[in-house]
Amino acid sequence: MATLLREAADLRTADWTPAREYGRRVKALALYLLILRDEDPDAVHAVAGVDELLAQLRAYELPSRVRDELWQHFARRGQYAKAEDWLFTLVEDPEAPADLLDRGVAFYLRLSAASDADLLAGALPREEVAAGLAELHAIAASRQRTGERGSQQRRGGDRWAADSRTGSQS
């Protein structure tokens with residue numbers, strides 16, 4: 001299904017629109033990520049599909065739900081620098097999952113226990129792990145001081161579905 005959506009996004013039929021192309025690519029990306037998370041974490045076609053779709057969607061802001069899956073995908077694959085980059089695209093996003101900071105801190109704590117060789121293989125040196133963990137702790141502390149909840153609140157329903165239909169870049 002993901003491959004069909006990815007290929008359908010490339011078709012320039014009479015009903016083609018940029019929004020429809022964007023929506024199909026985002027849906028295909030989400031499906032590949034689900035396959036890699038729930039079915040086969042080493043599915044070569046899905047890994048290649050994720051990489052290809054990210055290249056095609058680089059000019060767009062992806063929905064928070066997809067970005068949340070992306071940072072976890074790269075963390076599972078040992079691509080820690082990419083995981084960190086996607087994680088921090090979500091930190092200030094009001095549509096991010098409510099438990100994002102907790103999961104982000106857990107990610108950095110796991111990395112703190114990893115060997116230097118593993119961290120370097122994931123392109124994230126130990127100093128950056130410590131800095132990322134400190135930054136998440138600072139954000140959480142700031143939110144507590146200002147009376148915000150420790151994590152974001154979801155607003156506006158299912159943003160992924162709305163963004164995939166409209167091709168929104170926000």
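Please treat every number below as a calculation from the coordinates, not as lab data. Since the structure is predicted, the reported quantities are computational estimates derived from the model, not experimental observations. All Cβ positions, glycine included, derive from the backbone under ideal geometry; neighbour counts span all protein chains shown.
At a glance:
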quantity: Approximate spin-label separation ALA14-LEU120, in nm, with each point projected 7 Å along Cα-to-Cβ; calculated: 6.1
quantity: Region 62-157 - Rg (one decimal) and Dmax (whole number), Cα, Å; calculated: 13.4, 43
quantity: Volume per residue of the C-alpha convex hull in region 1-123, rounded to whole Å³; calculated: 111
quantity: Order of GLU39, GLU84 under a 10 Å beta carbon neighbour criterion, fewest first; calculated: GLU39, GLU84
quantity: Sorted by Cβ density within 10 Å, fewest first, the residues ASP93, ASP51; calculated: ASP51, ASP93
quantity: Computed E for ALA98/ASP42 - FRET, C-beta separation, R0 30 angstrom, nearest 0.05; calculated: 0.50
